[in-house]
Amino acid sequence: MTPTPISPPGGGEATPSQHPGGSYVASGNCSGTAFTHTQSILISYTGSKEVTVAPTWLPSSGSDVSGYLCDVYVQYTDTLEQFSTSANDLSACSNAANAREMQVLDISSYTRSTGMGDNGNISTSANGFVRRWVQQGDSADQYASFFTKVWFPLDDATYNASIHNDNVAAMVVRRFVEQIAAGGVQYDAIGGSAGGDFIPPIPKFNTNLIYI
């Protein structure tokens, strides 16, 4: 569906809906189509150790690497919707649709009152949200994926500190989310190839909205 042109700031009146049953009429002086993006993520984690392979002529078990083994659910929705306000001049109308809320993440450890503990959940307590006037190339879209046994290795100092320190835990969780959005993190795909697969990039998941 072709987005309704913004008017104003483009000038003129908002185009009423022509679809059967639709009766949208702009009630404000500043009306048009707004683009809205919402997102959330849920991570269930358990502290773990992974045995590495020693790079010798006859490979053998190397040192253990600490990290978190996670199940990850990530989703976002993009919509195009009619939006109307009472802004009454071009300057006010140009930003009238703008809104932004941070995606708030909470860490809930099963074993400790601070830090990540040995296991727990990272949940979205407030969805990430951005709204603005529609731009060229915007379209309605939605995405939802569940990744099992996602592996996030950490150096021992960071891992040990994240278990009981809130500040280090927040840093680690932010790194988790940034890596998930960027793609390339190994996970165990159901029915996937031996040794697991890699999370593909999720470019529309906005890490600038993350607050923890």
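The values are calculated or read from the model by the stated rules, or taken from the named source; none is laboratory data. Note that this is a predicted model, so its numbers are computed, not measured. Here the Cβ is made from the backbone with ideal geometry for all residues, glycine too, and neighbour counts use every protein chain on show.
At a glance:
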quantity	calculated
Failed criterion for Asn160 (all others in (1) part of a loop (DSSP other than H, G, I, E, B); (2) under 19 Å from Gly67 (Cα atoms); (3) not hydrophobic (A, V, I, L, M, F, W, C) hold)	(1)
Where Ala126 falls short, out of the listed (1) at pLDDT below 95; (2) more than 16 Å from the chain's Cα centre (by Cα)	(2)
Pairs where the first residue, in the range 200-212, is touching a residue at least 60 places away in the same chain (Cβ under 8 Å) and the second is surrounded by fewer than 14 Cβ atoms within 10 Å (Cβ to Cβ) and basic (Lys, Arg), C-beta under 8 Å, 6+ apart	Leu209/Arg100
Enumeration of residues in the range 68-127 that are assigned to a strand (DSSP E or B) and touching a helix residue (DSSP H, G or I) at 6+ places or on another chain (Cβ under 7 Å)	Val72, Val74, Gln103, Leu105, Ile107, Ile122
Filter result (charged (D, E, K, R) and closer than 21 Å to Tyr73 by Cα) within the range 106-156	Asp106, Asp118, Asp141, Lys149
Verdict on Asp138 being of a type outside the set (Gly, Ala, Ser) and touching a Gly at 6+ places or on another chain (Cβ under 6 Å)	no
The range 133-152: number of residues that are surrounded by 17 or more Cβ atoms within 10 Å (Cβ to Cβ) and assigned to a strand (DSSP E or B)	4
Hey, Gly192 in contact with a Phe, Trp or Tyr (Cβ under 6 Å, 6 or more places away or on another chain), loosely packed, with under 14 Cβ neighbours inside 10 Å and either of a type in the set (A, V, I, L, M, F, W, C) or modelled with pLDDT under 95 (or both) or not	no
Leading residue by the ranking (farthest from Val177 (Cα to Cα)) among those in the range 127-160 that are of a type in the set (Gly, Ala, Ser) and free of Cβ contacts under 8 Å to residues at least 40 places away in the same chain	Gly137
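Quick grid of which residues meet (1) on the phi > 0 side of the Ramachandran plot; (2) touching a residue at least 24 places away in the same chain (Cβ under 8 Å); (3) surrounded by 15 or more Cβ atoms within 10 Å (Cβ to Cβ); (4) within 21 Å of the chain's Cα centre (by Cα):
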| site | (1), (2), (3), (4) |
| --- | --- |
| Gln82 | no, yes, yes, no |
| Ala92 | no, yes, yes, no |
| Asn95 | no, no, no, no |
| Arg100 | no, yes, no, yes |
| Leu105 | no, yes, yes, yes |
| Met116 | no, yes, yes, yes |
